[in-house]
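Notes follow the structure.
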Amino acid sequence: MIHVVSTITVVLLWLLYLPMFFGRGKPNSQQNTKNSASSFGIALQFSGVAVIWIWRRQLFSPLPAMPFPASVVAPVVAVLIAAGSVWFSWVALRTLGKYWSFVAGVSSEHRLVREGPYAIVRHPLYSCFFGLNLAIGIVWSEPVALPFGIVLFWVGVWIRVYSEERILREAFGEEFDRYVKSVPSFFPTLGREK
């Protein structure tokens, strides 16, 4: 029963997550710097997502070869990761506001956002997107699909991050370099120098 509830919950959280991006990041006529190299990264990210969604096990079945406590804990952890990812994405999108775009770019009125989730990690939306993929992989995918999907996803993320951070470094210079030194890329760390 826990596998049914967790699978339905994680799928519903995905359905809550996706519409948050609708109507955002429309092409900006004032966008001065734009990097289309991130499009390749986007394609790889979504290839990883496709592997995780398409290469699935029998619907509502538990992860194979898991002893009792893990077979109950894993689906609960998946739901918590997915719920946290959706909430943190919502906060990150609200914090970015008009500065979010699907493809990396900076306009003349752009400012470096360093508050909210961006004070904790530089790329919270990628961290959250990863969390949702991990959650659906736990409740939905064949175990062998998860490593393949995750590798494709992270290669795509690194391509996008390289493109985005290059644009931000060009636009904000030393301010961005200080930000990079004080805030980790994807996952919070303890004891990092500010």
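The residues of the range 147-182 that are within 26 Å of residue 71 (Cα to Cα) and surrounded by 20 or more Cβ atoms within 10 Å (Cβ to Cβ), listed by number, are 149, 153.
Among the residues of the range 137-194, the one identified as among the hydroxyl-bearing types (Ser, Thr, Tyr) and within 30 Å of residue 58 (Cβ to Cβ) is 141. Looking at 60, 68, 88, 46, just one residue is of a type in the set (Phe, Trp, Tyr) and farther than 18 Å from residue 14 by Cβ, and that residue is 68. Scan the range 130-153 for residues that are over 13 Å from residue 78 (Cα atoms) and of a type outside the set (A, V, I, L, M) and the total you get is 6. The residues listed here are 137, 156, 173; of these, the one that is at pLDDT 90 or above and farther than 30 Å from residue 53 by Cβ is 173. Taken over the range 47-73, the residue count meeting the criterion of being modelled with pLDDT of 90 or more, closer than 24 Å to residue 126 by Cβ and not polar (S, T, N, Q) is 8. Within the range 53-81, residues that are of a type in the set (Gly, Ala, Ser) sit with their Cβ atoms under 9 Å from residues that are modelled with pLDDT under 85 and surrounded by 12 or more Cβ atoms within 10 Å (Cβ to Cβ), at 6+ positions apart or across chains, in these pairs: 70/63; 71/62; 71/63; 74/62; 74/63; 74/66. Applying a threshold of 9 Å to beta carbon distances and a minimum spacing of six or more residues, or different chains, the list of pairs starting in the range 138-156 at a residue that is under 15 Å from residue 128 (Cα atoms) and ending at one that is surrounded by fewer than 18 Cβ atoms within 10 Å (Cβ to Cβ) and of a type outside the set (A, V, I, L, M) reads 153/46; 153/47; 156/40; 156/46; 156/47. When the criteria are applied in full, residue 81 fails the requirement of being out of contact with any Gly (no Cβ under 6 Å at 6 or more places or on another chain) and surrounded by 15 or more Cβ atoms within 10 Å (Cβ to Cβ).
Is one or more of the residues making up the range 101-113 at pLDDT 90 or above and among the basic types (Lys, Arg)? No, the range 101-113 has no match at all.
Give the range 98-126 a look and list any residue that's under 15 Å from residue 18 (Cα atoms) and either charged (D, E, K, R) or in a helix (DSSP H, G or I) (or both), or say none.
125, 126
When residue 95 is tested against (1) farther than 20 Å from residue 18 by Cα; (2) more than 12 Å from the chain's Cα centre (by Cα), only condition (1) is not met.
A Cβ distance below 6 Å, combined with a sequence gap of six or more or placement on separate chains, defines the contacts here; from the range 112-126, residues that are crowded, with 22+ Cβ neighbours inside 10 Å reach residues that are assigned to a loop (DSSP other than H, G, I, E, B) in the pairs 122/183; 122/185; 123/185; 123/186.
The values are calculated or read from the model by the stated rules, or taken from the named source; none is laboratory data. Not measured: the values here are computed from a predicted model. Cβ atoms come from the backbone with ideal geometry, glycine included; neighbour counts cover every protein chain shown.
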